[in-house]
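The values are calculated or read from the model by the stated rules, or taken from the named source; none is laboratory data. Predicted model only: the values in this text are computed from it and were never measured. So basically every Cβ, Gly included, is an ideal-geometry build from the backbone, and we count neighbours across all protein chains shown. Ligands, DNA and RNA are excluded from the accessible area calculation, which covers all protein heavy atoms including side chains. Shrake-Rupley method; radii C 1.70, N 1.55, O 1.52, S 1.80 Å.
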Amino acid sequence: MKAKNFFVLCLFILSSLTAGAQTHENKKFHPYHSLGLFISHTQEIESLNENSEQEWLSFPSWELNYNFKFSPEWSIGLHNDVAIETTEIENENESTGKGVGENEGESSNTKIERSYPFASAVMFSFKPDKYFSFLLGAGGEFVDSDSYFLVRTGAEYGYEINENWELNANVTYDFKINIVNSLSVAMGITTIF
C-alpha cells in the first residue's frame with residue numbers, strides 16, 4: 001500500500017511539473033521596450049598621458065541604452081555613451097600633400113584633444129538564452145567638430161529583478177575608423193515597459 005501511495009504521489013508531482021512547463025512554453029511573446037542607464041569605464045590604448053607617452057587610459061562614462069524587443073531572441077536599439085573626461089590621443093593620418101619636412105605620401109602623427117566624446121550606435125541584440133545577449137551595430141563618435149564611424153560589438157548579462165526591472169552588466173568594443181578603438185565595461189539598471 002505504501003508503494004502504491006508513493007507511486008501516486010510521484011505521478012502527481014511529475015504531472016504537475018509537466019503541466020507547469022507546458023504553460024510556460026505556451027506563454028505568448030509580446031514585444032516591449034526597455035531603457036537602461038549604465039555607469040561604465042572606458043579604456044583606450046593609444047591615449048597620451050601628461051608626458052605625451054602612449055598608455056592605457058581609463059575614464060568614466062555613462063550609457064543610456066534604448067531597445068525594442070520584437071521577438072523572443074532579437075531586439076534593435078539605440079545605444080549612447082558619453083565619456084566624462086577630456087583625453088588627448090595621437091592620431092596617425094596619411095599626408096595628402098607636402099608639408100614642412102615631409103615627403104608626399106608620408107604619414108604624420110597629430111595630437112587630438114577630445115572633450116566629452118559622445119558615441120551613438122544602432123545595435124542589434126541576439127539573446128539565445130535567459131541571461132546573455134550578443135550585440136552588434138554601427139554608428140558614430142562625435143567629438144567637438146569631428147565625427148568618426150564606429151562598429152560596436154559586445155556581450156551583455158541581464159538578471160531579472162521582476163517583470164519590469166533588470167540588472168545588467170555589459171562589455172563592448174568599439175572599432176573606430178581613423179581614431180583609437182575603445183573597450184567599455186559597464187553595469188546598470190534597465191526598466192521594461
Region 109-140, subset part of a loop (DSSP other than H, G, I, E, B) and aromatic (Phe, Trp, Tyr), residue modelled with the highest pLDDT:
Tyr131
Does region 20-30 contain at least one residue that is under 21 Å from the mean Cα position of the chain (by Cα) and at pLDDT 65 or above?
no
Is it the case, given these coordinates, that Ser34 is hydroxyl-bearing (Ser, Thr, Tyr), at pLDDT 70 or above and either assigned to a strand (DSSP E or B) or at negative phi (or both)?
yes
Hey, could you check region 53-78 for residues that are outside any strand (DSSP E or B) and touching a residue at least 12 places away in the same chain (Cβ under 8 Å) and say which is most open to solvent (accessible area, probe 1.4 Å)?
Phe70
Pairs only if they're at least six apart or on different chains, beta carbon under 6 angstrom, first in region 168-193 and hydrophobic (A, V, I, L, M, F, W, C), second assigned to a loop (DSSP other than H, G, I, E, B); list them, first residue then second.
Phe175/Asn181; Ile192/Asn164
Give region 121-159 a look and list any residue that's of a type in the set (A, V, I, L, M) and either touching a residue at least 24 places away in the same chain (Cβ under 8 Å) or surrounded by 16 or more Cβ atoms within 10 Å (Cβ to Cβ) (or both), or say none.
Ala121, Val122, Met123, Leu135, Val143, Leu150, Val151
Where residues in region 166-180 are not in a loop (DSSP other than H, G, I, E, B) and not aliphatic (A, V, I, L, M), which of them is surrounded by the fewest Cβ atoms within 10 Å (Cβ to Cβ)?
Phe175
